[in-house]
Each structure stands twice: as C-alpha cells, then as structure tokens.
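Working notes, beginning with the structure itself.
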Amino acid sequence: MMKGDRKYIVLFLLPAAAFLSIFLYYPFFKSMYLSFFRTKGFTTKTWVGFENYVRMFSDDLLGAATLNTLELMAYVIIFQVGIALMLAIFVDNITWGKGFFRMVFFFPVVISGTAIALLFVLFYNFQFGLLNTLLQNMGFDKVNWLSENMALKAVAIPTVWHYVGFYFVLFLTAMSKIPSDFYEAAKLEGITGIKKTFLLTIPLIMSDIKVVITLAITGTLKVFEFIFVLTRGQNDTEVLGTYMYKKALVDQNFGYGSTIAIYIVVFGVLLSLLANRLLKRDEISY
Amino acid sequence: MQSVQSGKKPIRIKPGTVFMYVVLCGWALTTIYAMFWIVNNSFKLSRDVMNQSFAIAFEPVMDNYTNAFDRINIGKSYLNSLIMSGSTVLLVLLFGGLAAYVLSRFQFRGRRALFSILYASLLIPAFATVVPVYELVIKWGLVNTYLGLIFPQTAGNLTFAILVLAGYMATIPKELEEASFIDGCNRWTLFTKILFPISRPAFASAAIFVFLWSYNDLFSALIFVNKEAVRPIVALLSEISSQYGTDFGLMATAVSLTVVPVLIIYLFIQRFIEKGLTEGAVKG
C-alpha cells in the first residue's frame, strides 16, 4: 500500500460504483419494492402486500410461460450443449481444417438474434419460405411451421443454432488444455477412439461442462428476441422474458411486471443451484 | 489425439474420420449456406425471393437496397447503433478498467466483499431492473436519446468487464508496478502507461463482447430508444418484421446489411475473440 492509495481506490472505483448503483442495484431493489404494489402506469401506486404474488401462483399464462421456458431450456441443454460438445470432440480429433471450423462455427454468435430470427421468418414462411419451397420441390405438402404444436420447436431451432459456436469454442479450449501425456498414457493402455473420448476427454472437462450448462440455463431465461420476432408469443410460445415484457411494458403494469421479474431471478438462481448440485463431481486439476 | 498422431507419416483414412468430417462440414454448411441464401436473396425482387429463392441472382437488382436506405432509412439506424454501442464500449472499458485495476492490484478491506457483490450481480437479468430504470430514464428526460440506452447498457455490461479485466490484471507481476513507481509514475499514469498496454488483449476481448451484446440487445432498444430518429438497427429489424412482413426482398436486404459488416469485422478480429475466450475470460 502506497501513500495516498486510499484516494485512488475511492476515485477509481467511484464511476463504476455509481453506474452499478444507479442502474443495477437500486433498480433491482426498487423492482422488489414495486412487486408489492398495484400500479397504473406511473400515476397510481397502491400497496397491496402479497397480492401480486398470490396472483402469480394462480396465473395460468405465467405457468404456461414457465413450462415453455423449461421446454426451451431442455432443448438448449440437450442440443445446444450436446452439439457443441460433439463438434468440439470431432474438431479436437481431426488434423486438417481446425481453424476453418472454429471460424465458421463461431460466426452465428456474432450475429444479432434479431437478424437470425428475421432470417428464420423467411425460412418458415408458409407460402414462400425456404423450407416449404424445399418440401414442395420434393413433392411433399407444405407445413405450417409456426402452428400451435410446432411453434416452440420451430423457435428453439434458431435459439440453439445461434450459440452452439460459443460453447463449442469453450469446450475446444478446455480440451486443448488437457496435457498430452494423459493421452499418451491412455494410448499405451490401448484406450483410443470413442473409448478415449468417454473415459478421458469428457471426465477431464467436466468442470467446463458444468459452467456451460449453468450459462445455458441463465441464457435461456434471457431468451427474448427469437420469440418476439418469430411469433410474438402466440401459438403457445410465450416464455418468461416475453411475458414479463408484455405485462410490464406493453400493459404498463409495473407492479405485476416486477413480480414476474423477481420470479425470473429466483427461478434462475434455483435452477443454477440445482444444476450445480446435480453435476457435483470432484474437480479434477492438472 | 492430434499430438499422438502427428508423429505418424502415412495418412490412413479411417471411416471414423470421414464421419467426423461429414458432420463438421454439415454443420459448417448450415452457417455458410444460411448467410449465402440471405445475401443472394437480397439482390432479388420480392416476388423472386418467393418463387425462386434458391436461384442464384446472376442479375442482381438493387431495388431492395435503395428501398432500405430511402424508405426505412437503415443508414440512420446504423449510425445510431454505432454511436450508442461505441459509447457504451468506451464507458465500460474506462470505468471497468479503473475498477478492475483497483480490485486486482490493491489490497484493502472489503475487497473480497466487492468481488462477491459483483459475482452476485451477474444473476440480475435486465428484466429485473428494467421498470425502475425506465422510470429513471423518463424522469431525467433521457427516453429516446442516445444516453437513454448508453447508461443502462453501460451498467449492464460493467460487471462482466470488471471481472474479465481484473482476472487478467491479477496475473501481471508486481515487480513491474514497483519499478514504475521508482520511475515516478503515480497511480493514474501507472494505469494508462503500464497496466492498460499490458492488458490490451483483455481489453480487446471485453470490448468485442460488450459491443456485440450492446449492438444486439433488442429488449433495451425497444424500451429506451424506439423512436425512428434514435432507434438502433435491431429495433429497426424488429419493426420491419411487423411492418413489412411481406416484403421479402426488403427483409433479406435488412438482414444482410446488419449481418455482413459484422461478419467482415469478425473475420479480421477473430483471433482476439478466441484469445479472450481461451484465456478463460468468459468463464469469469
């Protein structure tokens, strides 16, 4: 500690602390506070105690949004994380073209979800979309991709596709950190190919898989633009984010909207804790 | 496996390897073809997008592009996006960098507590702050101004940036700082002349991710800056999907115009992104 350091500590922390306090912490606590009020826009605000929370538990639409979010989460964990892991294992095992695949797989990540959603609007369009044109060319009937019983799956596809590359790079990086003598030892034992992947690679990157699954869970709770652009939450595709947006900002029901927001936070924390508990393993260090 | 195999000279093609390449190329095709399809269709008239979406536009028509710039003023949205996301990045790097410097290089009471608070705030999504922030932004008259989006987004990205930068700065040897002290640096010049240049890779990757997240954030844009004069490109895209949902050519063009510049920049800065990810930055 140098002389005058206290001054710098305060001075340097101040701007960040101010921003975080004004636009993150204060609003977060204010949201909690607002969740106990019945509101009409910004004009009236009446204290109603736990009324919003009681309403929340009997809100069928919120229940449906929760189930849809969970279904989407299942797709994300199984397919997004699964495909990313598979692609990473494959790229780790090939010699030619590694750099190319890294580049190409990552690039949907840099594109905005809104643009990807719009792209899929064109793919799914009933009359003229890419998919139905393909089906017709092959002699099949057109499919209504955004109908009630398919819409959520149709929305899940761009959601999954968007971030596969992100987790792919995280997995590949984790794999590249495994010391090569592990593999050499395994080879002497005759462990190669698929056996090597399941006995060595996957157990050794378990902690990264855990991180990625936690990221996937919290990420799914933030899904918004795909649903907003593709279906506007119709045909049973409402998720927590879009429902909160509708209640709080379209209906201007700030009280109940805040209650839903708090629900999303609690839900996210509980799910992350649960995932960490379920995936609890002894950490391997090398 | 690559390290084990690299010693062998003759190339044997195993069915497993072929299978792996087929899957990898298949996935690569989904990303490449999707981009090709959209750009290709942006050069066709709307009715051709509908009828012959697979045909290659050998005779490109520029109608959609003139429409995009004249009718929906996409250029203005571009500029809005650049100004707002650019400013967000600058503020986040400056304030985040200073905070990270203190948190990683100073020993003081409450340091651990501050880190815990930062980690905890990663769990607060925008949904949980948006209503009170909206109220504030209205009260300060910032709705539909650039600052109305810049401030909330700066706060939203600061935590991530501080954790990434602090993680990187913590690895810089102490001796370097001591030496510069003897050379007469104070804490501020130390930050600008020593810490910042050394931590440039971390700053670069933080900048890239903050820019992307800010540029791509539809939720905040819809709420804080939805007026035509200030709205960023994501808000425009969502507007197009509801207003011009049947003008396929225009939609293809709008998507292309949003995506292609980002992809070109991505190709140039790809190694920084990878570096940021490989240094465990995102894992926080």
The FRET efficiency for B:E175 and B:A55, from their Cβ-Cβ distance with R0 = 41 Å and rounded to 0.05, is 0.05
Determine which aspartates and glutamates satisfy two conditions relative to B:K76: a Cα distance under 20 Å, and not lying fewer than 8 residues away in the same chain.
-> B:D63, B:D217, B:E228, B:E239
Count, for each residue of B:130-142, the Cβ atoms from other chains sitting within 10 Å of its Cβ, then give me the mean as a whole number.
-> 5
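For peptide B:98-106, how many partner chain Cβ atoms fall within 10 Å of a residue's Cβ, on average?
Working: counts 7, 8, 2, 4, 9, 4, 0, 1, 8.
Partner-chain Cβ atoms within 10 Å, mean over residues of B:98-106: 5.
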With θ set to phi - 60° and the Karplus curve 6.51 cos²θ - 1.76 cosθ + 1.60, what are the ³J(HN,Hα) couplings of the stretch B:159-175 in order, to the nearest whole Hz, using x for Gly and Pro?
-> 4, 4, 5, 4, 5, 5, 5, 5, x, 6, 5, 5, 8, 7, x, 4, 4
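Under the definition of partner shielding as Cβ atoms of other protein chains within 10 Å of a residue Cβ, what is the mean value for peptide A:206-213? Walk me through the numbers before you get to the answer.
Details: counts 0, 1, 2, 0, 0, 4, 1, 0.
Neighbouring Cβ atoms belonging to other protein chains average 1 per residue here.
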With every protein chain left in place, what is the accessible area of A:Y25 in Å² (1.4 Å probe, nearest 10)?
-> 50
Over chain B, what relative contact order in percent results from Cα pairs under 8 Å that are six or more residues apart?
-> 30
What aspartates and glutamates sit close enough to A:K247 to cross-link, taking a C-alpha to C-alpha distance under 16 Å and skipping anything fewer than 8 places away on the same chain?
-> A:E51, A:D59, A:D60, A:E238, B:E135
May I ask which residue of A:W145, B:S205, A:I178 lies farthest towards the positive end of the charge dipole of the protein assembly as shown, with charges of +1 (Lys, Arg) and -1 (Asp, Glu) on Cβ and the Cα centre as origin?
-> A:I178
When the Cα centres of the stretch B:211-277 and the stretch A:16-65 are compared, how far apart do they sit, in Å?
-> 30
Range in chain A, longest, excluding exposed GluC sites (Glu not before Pro) [loop by DSSP; at most 13 other beta-carbon atoms within 10 Å] = A:1-147
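Per DSSP H run of n ≥ 4, the term is -39500 (n - 2.57); total these for chain A, divide by its residue number, and report the mean residue ellipticity at 222 nm rounded to 500 deg cm²/dmol. Provide the component values of the computation, followed by the final result.
Numbers: 15 runs with 185 residues, N = 286.
Calculated at 222 nm, the ellipticity per residue is -20000 deg cm²/dmol.
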Reachable lysines, given that their alpha-carbon falls under 30 Å from the alpha-carbon of A:K7 and they are not under 8 places away in the same chain = B:K174, B:K193
Hey, how many Å between the Cα centroid of the stretch A:189-265 and the Cα centroid of the stretch B:57-124?
-> 21
Residues listed by number, the stretch B:106-147, amide nitrogen under 20 Å from B:I198 label point at 7 Å toward C-beta | B:106-108
Within the set A:K153/B:K139; A:K153/B:K14; A:K98/A:K142; A:K153/A:K210, which residue pairs have Cα atoms separated by over 32 Å?
-> A:K153/B:K139; A:K153/B:K14; A:K98/A:K142
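Within chain A, which is the longest segment containing none of the trypsin sites (Lys or Arg not before Pro) that sit in a DSSP loop and have at most 15 other Cβ atoms within 10 Å?
Answer - A:4-141.
The values are calculated or read from the model by the stated rules, or taken from the named source; none is laboratory data. Just so it is clear, the structure is predicted and the values come from calculations on it, not from any experiment. Every residue, glycine among them, receives a Cβ derived from its backbone with ideal geometry; neighbour counts consider all protein chains shown. Note: accessible area is taken over every heavy atom of the protein model, side chains too, but ligands, DNA and RNA are not part of it. Shrake-Rupley method; radii C 1.70, N 1.55, O 1.52, S 1.80 Å.
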